[in-house]
Structures are given as structure tokens and as C-alpha cells.
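Report on the following structure.
The values are calculated or read from the model by the stated rules, or taken from the named source; none is laboratory data. Quantities reported herein were computed from a predicted structural model and do not represent experimental measurements. Every residue, glycine as well, gets a Cβ built from its backbone with ideal geometry; the counts of neighbours run over all protein chains shown. We work out accessible area using only protein heavy atoms, side chains counted, and drop any ligands, DNA or RNA first. Shrake-Rupley method; radii C 1.70, N 1.55, O 1.52, S 1.80 Å.
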Amino acid sequence: MRYLPLTHADRSAMLSAIGVDSIDDLYQDVPDEVRLAEPPDLPHHKGEMEVEGILRGLADKSVSPASVPTFIGAGAYRHHIPATVDHLIQRSEFLTAYTPYQPEISQGTLQALFEFQTQVALITGMDVANASMYDGATSCAEAALMACRITRRDKIVMAGSVHPHYREVTETTVKFTDLTVTASPADADGAEDLLALVDDDTACVVVQNPSFFGHIADLRPLAEACHAKKALLIVVVTEVVSLGAVMSPGAMGADIVVGEGQSIGVPASFGGPYVGLLATRDKYVRQLPGRLCGETVDQDGKRGFVLTLSAREQHIRREKATSNICTNAGLCSLAFTIHMALLGGKGFKQLAQLNHARAVQLSDRLAGVGGVDVVNASFFNEFTVRLSKPAAEVVEALAARNILAGVPVSRLLPDAGLDDLMLVAATELNSEQDIDALSGGLAEVLS
Amino acid sequence: MSNVKYSKDHEWIAMDGDVGTIGITEYAQEQLGDVVFVELPDVGREISKGDDFAVVESVKAASEIYAPVSGEIVEANEALNDNPALINESAMGDGWIVKVKLSDTGELDDLMDAGAYQEMLKELE
Amino acid sequence: MMNKQGRPTQPAAGDGSAPATTYTGNRGLDMEEPLLFEMGQDETTGVDLPDAPETASKLGGLERNGDIGLPGVSEPRVLRHFVRLSRNNYAIDSGLYPLGSCTMKHNPRLNEKTARLPGLGDLHPMQPTSTVQGALELMDSLAHWLKTMTGMPAVALSPGAGAHGELCGLMAIRAAHDAAGSSRSRVLVPESAHGTNPATAAMCGYSVDAIAADDRGRVDLKAFEAKLDDDVAGIMLTNPNTCGLFENDVVRIADALHEAGGYFYCDGANFNAIMGRVRPGDLGVDAMHLNLHKTFSTPHGGGGPGSGPVVFSEALAPFAPVPYVVHGENGFELVEAEGDDGQTFGRLKGFHGQMGMFIRALTYMLSHGADGLRQAAEDSVLSANYILARVQDVMSPAFDGPCMHECLIDDTFLADTGVTTLDFAKAMIDEGYHPMTMYFPLVVHGAMLIEPTESESKESLDLFADTLRFLTEKAKQGDTARFEQAPMLAPRRRLDETAAARKPKLRWRPPEPARAAE
């Protein structure tokens, strides 16, 4: 077996050095009745060519979005990833290092984390960010828990603008605690009265901007209303590229910003691994979950970085920790950092403009297709259309025509009575020919 | 400091009228190492004997501070916010944590005097 | 005519030592590298994007104005920046990484290749399921392997890492008790447990009741039995445990627990030692997470991402989270939300889980096969015991008898040397090793937990053991400077963690004069 360096002779020599006759002697603590004489009934080892062939076979059974016009978003977005990103994250020193528990020999990971935290703080308009969570949805749940700790209140309010998965994960996370989630019905039209959401018991109001349905809202009045009631405003951003064009949550008065960072540097990968962003104000830093990297100096006075404020975390605080999270999204946060470094301020804004312009082109075209109504007055790179036929059927019919059209809202909200709605997203990867294909396909399917 | 009493959780309390100043002992600060943060309670909070009302954090540990007596917190040592090292430098002095107006001074009788506390430390070693 | 010009081809005689300082601060290949924010200029960028077509703005009048503060850096400079940073990291690919409890084994590059195949790595999670049949088949195959290896009937793939898997398992336990109308408040957790265990139990509304270890490093059976009653929701037990030992009373513990109506959560962080030799299902386990990023070789990536699928017993399977893959009439289907009759405790993560890790883990398992996985487990156990055998006469093993895939040393052998476990670990850095896990588990004084994994050759294990012996000898000889000042040869010396925590500096900010001018 190519991955196992020990030879039969090595194994024999090692067993004698240990002073036992066989490997079974080393498993002496395992009760006899549960020892397996043979490995479980599964195939035997295979060479690299054969395994690669099997995986290629599986890959061939799916439709690669790169091969057809694709307009699917709903919380994960296809973007171009510069070749440099994937090259660098496959450097052995990044790929095969553990969590930087020994800072003297982990400065590469640590400095990159410090840069990641800074980038996230800058784009969200916040003071500080942590070193990542599993994904945007879990980050949202952790932010809600954090707000309850800070305000010492137990009511989490979620607006109808929030991605259903984010709401469901938050509901599940607090399911067995004293905390409650009050969620508004899905707000497809972007018409919800946000100011009505906050009352004297509210720990936090969670809103998404741009919303799950694509609408962009001015959250400043809501922030004021929250702060007047001593509640926190949590703003969710599932498409971080929007932060290059839309006023930042920090500028609107957010107390905690939750983001899905996948759009920058991380492939869609059928839903994971992604990178959850979590940023806040300086005064709340000790309530942040997860790892934080901080600057310090070494014994010779040289600048260096360490994991810090660890007394918040499970390995020290155990059952009183701010979260149970340990492993986070390390390498995905590195991919984010590298991609963002390549973009820079100028490139990030250009990318956002390009996404928005493509989406505006798309909405202009779809608005002219019979049976399609564009719901949104405002959006970034994704918006909602109302179709004259059930969206799920339309999506299937277009998939059969080799067009990955969008996401039927009913897939994420099966009981909301929104079967005629579809989310469509456009990014820099969509060409004008793609837009032609979708508008043509929709015209055919809806006629 | 004859009016100073000690708890088995290594807190001290020094009485002035019915107000007691509470901190952690020299022994406790040594065990914790460099203190990096103190989570102080809100002034006005009522605490009962045995409640954890503050947290003292070092790089490698976080220690809950348990109320040696019951009462109302009348002052918290805000100087610790800027300079948590006060606890290391002066655990029994400038590094005090809170002042509490006792609701039952009789609870002091359950605490140790300096001699008894020193005896307890000897047994720990 | 001899050419006397050109370079000399032999070094000069003498024993010149390195200059104390250099102009750049670099020392040969050891490069100092500024932060991204200390380089670059606004008009520069490392990408060339097409111009955006002219359109109206539909941003609702909420445009972002002003400078974001991200530096502009060209592609070559970005590449060089991260290459230079990477050189300051230790990694499995550069040397033995004996970090106990972390299973730092070889990460095959075939896994990286397959994870990037078009049709796998680039699939969108919200594509119609008719267009992602290969991906669902892959998830189904992975589930089959995990269930068969563990002898458990069900698996939830979605948890994002080990701690998330623990949460998944404990929530299923809580949901099962709630469904049965059984209200229980405590979870038993051994003192030696990972910190994630008590943190997880607390998130499920349980209080944590610690069980002591006996003098053999196992759960004290009497202490366990004394605490067991009908208020106990379950136990969270790591097996092999964090002392690197198999809990030989595990079946009795499970039986007694089940008798009392509790469920057995097994922390599967150490499954590497027993895969193919023991099936947790046979031990009476009700739920167990598997760390795909430990046991099944998906790379740690400097702290993640991980993946923590949870296998379930029949009793807990109905409460597993969504989503999951089922075999439908037209192929594979994805259940993303259960109807009202379902018993799922809900959703733990956006979309369907860490697919990128599933691809890598399945690639790894197909490569090894059942026979290779069993051999890997055996080799990991053999290697740990070999190191123990090679050092036990000079160091101090914490417990007698053979260990599993990691061996635990306490600091008795350093008594009176003035050298601490921390010092010893830092001295290993100067020898070119990543230190072992230190000061964990908490039940052993000055713990050093050594996990060599199955990926090391005998030569590599011998050199490592010889290095441990050498350092032990130096410590006992009183060569304390070697330890107290260590590391001296790493990119950084010991860092001031106290200063970092007292005045946290968690992001870069412009220097003061520039801020004053803003």
C-alpha cells in the first residue's frame, strides 16, 4: 500500500523491540468478543489510476455548471478564482499544517489569519473579525448566541429577509436552550416593516442585506430602533462581493456582521467547505466565538502573531466557553485572503460593479420575456422573478435544455406558498450569450 | 490586617463598616499566572454567597470568582479594565475586585482568619 | 595561459560565524515579510477584469462610497508574499508531526486532484438533483463506507467538523429523550475529555458531571456507576481515550448506561487506532463523530476545514439532521426538509455538508481499501508503541501497558532538571520537529502526548526516538540553556502571549500619524 512506509521486516523488528509477538498483543485491551478477525466487508486497496477513474466516473454523472449557462445563487455563488489562489493554498506548508498552536513555527498561517481578520473588518465596516466559522449559516447562529450573552436577553428575532438555511440552523442551535427564535414569514417583496420587529425583550434582530430575495434595504433606521431598545443589530451578507458596491453593514450601524465568504476564493463545491465570517465592534470582542489571532512580539522584540483571548474557548473554558467550535475554515479563509489580496480595493470594487451590471442586464432582458415579472426594485447580483408556471417545473424543463436557470424558492421554502418564484443570479462568469440562452429558454418553457 | 478574612476558594474580604472589599489572594494570583482580563460585575447586582460573580483570566486559564458573602455590589475596580496586571502586582491591595455591602455580616464567621488560611495553604503543598 | 579571473570554487578557510544583523533583516532563505497592508498602492491590482457594461444602478441608492482600505498589490508580489509566509510554517510534508489527538498523517495529493474535478468540485449545491446524481452517489458511497467501518446503521454527513459532530450527536440524544418524554439533566464526561465535549453538552442544555480517571488512565468504573441514575442523559466517552488507551470496560459501561436509559456518545477523534479492527457499533455506541480531517486524511489546512459525519444507532437514527441522501424512483434524492411526521432535530449547516472533504475522504478510503485501512490502524498503533519502547527507560510513561495510536509521557522524568514540558517541547522545534501535544490530557502532570501516525518509516521513527533520548539526556545533564531559551533556530522565538491578551491587537490599522491626518 503506497501510503504506508513500514515494510514487513520493519514491523517484525518493531514488534520485537516492543517485546510482543504480534500486533494482536497491542490490542489486548480490546475485549475478545468485539475484535474483528478480518476487516469489514468492503473492497480492497486500489492504485491511483483506478481510484481516479472511479472518481472521474462519478464526476461525469453530474452537469458541471462551467459547461452550461448557469444562474444559480441562493447563498453560494460562482465566481472566477485566479489561478494563483489554488496554487498557493496547495503549498504543503499551508495545506498540511495543523492549527497554529506552536506560534514559533506557524507564523505563515498566523500572519495570513491576521490579514484575513483585517480584510473582513474592512469590507464589513466593523472593528474586528474572528478567524472564521464553518460557514455563513453557523456563523449566523453563533452571532445570535453572542448577542444573547451580551444583552442577557433570550429573544432572537429574524426578519423575513434571512436565508432559510440560516434561520433553520439558528433555530436548531438554540432548540435545547432557553433562547427563542421569532421568525417573520418570508419577505419576497422586500416590504417587511423592520421597525416593528424590535421590542424591550429583543436580544437581537437578524436581517440579511441584500436579502435572500435580493432586495437592498437601508438598515440605518432599524439600527437606531435596535439601539434605542438596547438590542443588537445582526446583519447577514451571503454574497460578500456585494460589499464592494453596497454600503457596508458597519456604516449602517450593525453590531455584528455575519457573512458567507465563499464568493471570494472558494469554489461552490456542492455546498462546502465554505468560510463563515463574523465581525463585530471592539467592545464585544470577548464574546466572540472561535479563534482570534493577535499581534505581539517575540523574545527578541520581533513582531509576530499568536492565537489569543483563548480563555473564551472550549479548551480552557470547557462548558462555559463562548462556543464549542475548534476546527474552523482555515484553508478556505486563506483562499479568501489571497483572492482579496489579488483584488485589492480597486479590483474588489470592479468585481462588484461587473456583477451588478451583469445582473441589471439580465433583469432587463428577463423583464421582456412573457410570463416573467421581475419582483425587485433593488438588487445586487441576484433577484427574484415571478413566473407564470411553477418555478420548480420551469427549472427542471430548462435543466433538460442544458440551462441551470436559478433556484425555485419552493426548494428552500416548501410551505410558503411561493411556488411561482425563482431566484436568479448573474456574476462575472455569465456572458451575454448566457443571458440570451436563459431568456430564450424561459420564453420557450413559459409559452 | 486583622479584619481580613479568607475563603477556601482563595478570596479575601476586608471589612469597613458593613462594606467588604473582595479580591483574590497572593496564592491564587501566583497559580493563575499573568492576569490578562477581569470580567467585572455590574454595580448594583445582588449576589448570594457561593455565586460566581466575576472571572479572572490568564493566558492559560479562566477562574470564576465565588462570592464569599451575600450582598449588593456597590463598586467594581474599574482600574482593572485598563490594567489587569494590578492583580499580579498587588493582589491584596490595588488589585481588589469589588466592594460589597453585606446583607448578613454573620456570614463572615464561616470564613477563615489569616492563620487558618495559611494552615490550609500548607496542606495544599 | 591560465585565466585568473572568475569566481573562486572553494570556500575560504576559517570558521566565520553568521553576522549578528543583516541590513534587510532577512537571513539567507529566512525572509521577513511585511503585512499586505504595509505594501501596495491604490491604483494597483492583481486581477484584470473586463470593464463593466454601462447599465443603470439598481442598488437602491445605497452605494458604497469612499476607500475600503484594501491595499492594491500586483500578482507577482501577492505570490511572493504568500510563498514567503508559507516558509514560516511547519507541515506534515516537511516532517514528522507527532501532535497527539490530531492524527497528522500523510495527505495524499490524489485527494486534492479528485476534489477539483469538474463535475465534483465546481457543482453548485442548489442545482436540480437531476443534474448532480454523481455527487449524491458519492455521498451515498461515503455513507456506506463509514457505516460499514463503524458497524452503525445510519450516518449524518453534514456536520462541519468534530465539535459540530458532537453537537449533532448530543442533539439527537436530547431529541430522543424529549420524544420519549424523558427529562434528564446531566451528561457524564470523563475528566480527560477534549474541551469540546463539555462545551457541547452545555449547548444542549445539559450540565456536565465529570467522572474521574482511575490510576490506569481509564474511566473509573466505580465512579461511573456511582453517578449513573435516571437523570443521566448519556455519556461522552472518547475511545481510544485521550490518554491513548482503549477503554477496556467500554462494553460494560455501555450496557450499564443503556440499562439506566442513557445513550452512549463516543468521541471518534481517535478512530484511527481501531479502524478495521473494532466496530464502535459492537461496543454499544449510539452516536459517534468521525473526523474526516484526522482519520481519513483530508488536510488540516492550518486549522480547517474539517468534516465531522456522525454515525448513529437504530435508536437515534430517526432524529438525525437534514439533509440526507435517499434512493428514490429516479435515482438519488436529497431530503432537505422533513414533513411534519419526521423526527429530525433540524438543520445544522447550510446546504449539504463539506462535500470537498467527502470527495477526499472517499478517495482515501478507496485507495486504502478495507485491508489498507486496517493495516494503517495497526501501523499507527505499532509506531506509537515502538516510540514508547524506545524511550521508556529514560522518559516516564504515564501508564503501564501497551498504548493505542499515541503514547503519553508525564513530566516525572524532568523532575529536578529545571526543564518544563513547555521547554522540552520548544527544544524539539530547534531539532526540526513539531512538538507533541503538551499539557493535555489534563489528568496527567506536564503531559506529552505523542502520535506518530502510520505515515512514518522506521528510520524516521528511530531518529525521532533518538532525538527524544538526546534531549532527555541533555535535560538531565543540566544543559538548561538549550531548553529555557528554545527555540533559537525558528522563524520566531517565544512570543509574548500575555501582552497579546492584555492589549489585543486583532487587525492592522494605519499608523497613528496617517490616522490623525484622516
task = Rank C:PRO118, C:ALA199, C:THR148 by how far each Cα sits towards the positive end of the charge dipole of region C:78-225 (+1 on Lys, Arg Cβ; -1 on Asp, Glu Cβ) and give me just the farthest.
result = C:PRO118
Integer Hz, Karplus 6.51/-1.76/1.60 couplings in order for region A:422-439, x for Gly and Pro = 9, 8, 10, 10, 10, 10, 4, 7, 8, 8, 5, 5, 4, 5, 4, 5, 5, 5
query = Non-local amide H neighbours of A:ALA183 (under 5 Å, H modeled in plane, Pro and chain starts lacking H): which ones?
reply = A:MET158
query = Is the shape of region C:110-365 rounded, prolate or oblate, going by the alpha carbon gyration tensor and its root eigenvalues a ≥ b ≥ c, with a/c under 1.5 for rounded and a/b larger than b/c for prolate?
reply = prolate
task = Among DSSP beta bridges lying fully in region C:110-365, give the percent that are antiparallel, nearest 5.
result = 40
inquiry  = Using only protein heavy atoms and a 1.4 Å probe, how much accessible area in total is buried between C and A, to the nearest 100 Å²?
reply    = 17100
task = Please tell me the relative contact order of region B:4-120 in percent, rounded to the nearest whole number, where contacts are Cα pairs under 8 Å and at least six residues apart.
result = 32
query = In whole percent, what relative contact order does region A:299-410 give with Cα contacts below 8 Å and a gap of six or more residues?
reply = 11
ask   = For region C:152-209, rounded, prolate or oblate, judged on the Cα gyration tensor with a ≥ b ≥ c (square roots of eigenvalues), a/c < 1.5 rounded, else prolate if a/b > b/c?
value = oblate
query = What do you get for Rg/Rh over region A:83-339 if you use C-alpha atoms and the Kirkwood form of Rh?
reply = 0.97
message = Quick check on region C:29-178: take the gyration tensor over C-alpha atoms, sort the square-rooted eigenvalues as a ≥ b ≥ c, and tell me if it's rounded (a/c under 1.5), prolate or oblate.
response = oblate
note = Once amide hydrogens are built 1.01 Å from N within the peptide plane, the residues lying 5 or more places from C:ARG494 or on another chain with amide H under 5 Å from its amide H are A:GLN299
note = Out of A:THR296, A:PHE270, A:ALA426 - ranked by how far each Cα lies towards the positive end of the dipole of chain A, with unit charges on the beta-carbon of charged residues - the top one is A:THR296
note = Filtering trypsin sites (Lys or Arg not before Pro) in region A:105-153 by DSSP loop and by at most 11 other Cβ atoms within 10 Å leaves A:ARG152
ask   = If we restrict to alpha carbons, what Rg and Dmax does region C:287-343 come to, in Å?
value = 14.7, 43
query = Hey, which lysines would be in cross-link range of C:LYS474, C-alpha to C-alpha under 21 Å, not counting anything within fewer than 8 residues on its own chain?
reply = C:LYS426
message = Under a Cβ-only charge scheme (Lys and Arg +1, Asp and Glu -1), can you give me the dipole magnitude of region C:110-365 about the Cα centre, in debye to the nearest 20?
response = 860
ask   = Within straight cross-link reach of A:LYS230, meaning Cα distance under 21 Å, which lysines are found once same-chain residues fewer than 8 apart are removed?
value = A:LYS155, A:LYS283
inquiry  = When the expected Rg is taken as 2.2 N^0.38 Å, what fraction or multiple of it is the alpha-carbon Rg of region C:97-251?
reply    = 1.29
ask   = Reported to two decimal places, what Rg/Rh ratio describes the protein assembly as shown when computed on Cα atoms with Rh from the Kirkwood expression?
value = 0.97
query = From the backbone phi of region C:267-277, what are the Karplus-calculated ³J(HN,Hα) couplings (6.51 cos²θ - 1.76 cosθ + 1.60, θ = phi - 60°) in whole Hz, Gly and Pro given as x?
reply = 6, x, 4, 10, 4, 3, 5, 10, 5, x, 10
inquiry  = Checking the table B:LYS60/B:LYS99; A:LYS320/C:LYS476; C:LYS222/C:LYS458; A:LYS175/C:LYS58 against a 29 Å threshold on Cα-Cα, which pairs fail?
reply    = A:LYS320/C:LYS476; C:LYS222/C:LYS458; A:LYS175/C:LYS58
message = Largest first and in whole Å, what are the equivalent-ellipsoid semi-axes of region B:13-84 based on the Cα gyration tensor, each being the root of 5 times an eigenvalue?
response = 21, 13, 12
task = Send over the per residue convex hull volume for region A:57-137, Cα only, as a whole number of Å³.
result = 177
task = Could you give log10 I(q)/I(0) at q = 0.18, 0.19, 0.21 Å⁻¹ for region C:369-491, computed by the Debye formula over C-alpha point scatterers of equal weight, without solvent?
result = -0.93, -1.02, -1.22
request  = Could you go through region A:335-351 in sequence order and give the Karplus-derived ³J(HN,Hα) for each residue, using 6.51 cos²θ - 1.76 cosθ + 1.60 with θ = phi - 60°, rounded to whole Hz, and x for Gly and Pro?
outcome  = 4, 4, 4, 5, 4, 5, 4, 5, 5, x, x, 5, x, 4, 5, 4, 4
query = For chain B, what is the Kirkwood hydrodynamic radius in Å, using each pair of distinct C-alpha atoms?
reply = 14.3
For region B:34-94: relative contact order, % (alpha-carbon pairs under 8 angstrom, 6 or more apart) = 38
Long pairs among A:LYS46/C:LYS105; B:LYS101/C:LYS227; A:LYS61/C:LYS113; A:LYS61/C:LYS147; C:LYS294/C:LYS349, criterion Cα-Cα beyond 28 Å = B:LYS101/C:LYS227
ask   = How large, in percent, is the carbon and sulfur part of the accessible surface of region A:101-176 at a probe radius of 1.4 Å?
value = 47
note = With Rh as the Kirkwood radius over Cα pairs, chain C has Rg/Rh of 1.03
query = Using only Cα atoms, what is the ratio of the radius of gyration of region A:323-405 to 2.2 N^0.38 Å?
reply = 1.55
query = Which of C:GLY14, C:PRO71, B:VAL74 sits closest to the plus end of the dipole of the protein assembly as shown, meaning its Cα is farthest towards the positive end, when Lys and Arg get +1 and Asp and Glu get -1 on the C-beta?
reply = C:GLY14
request  = Sorted from largest down, give the three principal axis spans of the alpha carbons of chain A, whole angstrom values.
outcome  = 80, 53, 48
task = Determine the dipole magnitude for the protein assembly as shown: charges of +1 sit on the beta-carbon of Lys and Arg, -1 on that of Asp and Glu, nothing else is charged, the reference point is the Cα centre, and the result goes in debye to the nearest 20.
result = 2960
query = Within chain C, what is the longest stretch that has no trypsin sites (Lys or Arg not before Pro) placed in a DSSP loop and near at most 14 other beta-carbon atoms within 10 Å?
reply = C:217-518
